[in-house]
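Just so you know, all these numbers are worked out from the coordinates, no wet-lab data involved. As the structure is a prediction and not an experimental result, all values here were calculated from the model. Don't worry about glycine lacking a Cβ; one is built from the backbone with ideal geometry, like all the others, and counts go over all protein chains shown.
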Amino acid sequence: MTPNIIDPKSIRLVVLTGMSGGGKTVALRALEDLEFYCVDNLPAALIPQLVAAVSQGEHGPQTHIAVGVDVRNREADLSRMPSVLSDIAATGVEVHLIFLDSRDDVLIKRYSETRRRHPLSSEGLSLADAIARERKLLRPLSAIAERVLDSSELNVHQLRRLIATGYAAASDGMTLMFESFAFRRGLPLDADFVFDARCLPNPHWEARLRPLSGKDAPVREYLEQQPLVEQYFNDTVHWLENWLPQFEKDDRSYVTICIGCTGGRHRSVYLVEKLAEHFRNRRGSALTFHRELE
């Protein structure tokens, strides 16, 4: 089969780099939710080949590509990255370089909380020295980045929203964020709409389902067998499909729809996943965030 050849000017390439622990993985997941073709930890020298291969795919070209590049690359590859991106942009591809940063004290705290090893710790450096070394190696990239995002004061949800609002052009129109939460922990502060699912049958009271979440097949199967859940989902879809276009007319680019239940693990998670899938199939841009699971 002959590959589909597309105009390079229709291709958008987002390159995510920055400090380890700064939020690159979270940002990449946000773009993946927006239907970018995502690859993490790619050698910088291979980015042109990736763009060519993905944009000329036999099973349909991908025009929105996101690549994660970090200090695990060889130093020589990192130093060549500005020229690599310049050469790609010269072909007509729309190139964006985003640098995810954070204060050193915050990075140290994050590593302490997660007990992860810093990529440069294998060189026998202390964590503080590894961070300093990484910052020096990546300084040329931060200098040419289109945008430097400091995640020091951001939680996961806020960072994903920031990425989505800035780079959600994988499809036209308004981007939707569907978020699950527990009412007992309070309402999400950035909610535009809040739906209460506490009236629905609760899988928590089924012992075999209690340790699972609304992402797990047994919980989904349980809820799909409940007529009240189906009615709730259909009514919510109907309401949103009627009113979201009015917000688009008001030039809104981003709307957060929150579904809450008692514990934020079963009913709300299930509904968020199902609603996001429904609207992603029809609108293209739909993110999910599960506050009590992440």
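Here are the numbers for the structure shown:
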read-out	value
For the range 118-142 and the range 184-261, distance of Cα centres in Å	42
Relative contact order computed over the chain (Cα-Cα under 8 Å; 6+ residues apart), in percent	22
Where labels lie 7 Å past Cα in the beta-carbon direction, separation of Glu224 and Ser83 in nm	5.4
Qualifying lysines (Cα of each under 27 Å from Cα of Lys274; at least 8 residues distant if same chain)	Lys24, Lys215, Lys249
Estimated vicinal HN-Hα couplings, Hz - the range 239-251 in sequence order (Karplus 6.51, -1.76, 1.60; Gly, Pro = x)	5, 5, 5, 6, 9, 4, x, 5, 6, 5, 5, 8, 6
Mean separation of Cα contacts under 8 Å, 6 or more apart, over the residue count of the range 133-239: relative contact order %	12
Taking Arg208, Arg283, Arg160 and counting other C-beta atoms within 10 Å, the order from fewest to most	Arg208, Arg283, Arg160
Residues Ile257, Ile163 arranged by fewest to most Cβ contacts within 10 Å	Ile257, Ile163
Computed over the range 162-294: relative contact order in percent, which uses C-alpha pairs under 8 Å that are six or more apart	49
Model label zone, Glu241; criterion: amide N under 20 Å from point 7 Å along Cα-to-beta-carbon; scope the range 213-232	224, 227-232
Crossing angle, helix 75-90 versus the chain [Cα axis fit, 0-90 degrees, rounded to tens]	80
Taking all pairs of distinct alpha-carbon atoms in the range 100-143, Kirkwood radius in angstrom	10.9
Burial ordering of Asp251, Asp190, Asp70, fewest other beta-carbon atoms within 10 Å first	Asp251, Asp190, Asp70
Spin-label pair Arg208/Asp196, simplified geometry with 7 Å Cα→Cβ offset, distance in nm	3.2
Whole-percent pair-distance distribution, where bins are 10 Å wide, for the alpha carbons of the chain	6, 25, 28, 24, 14, 3
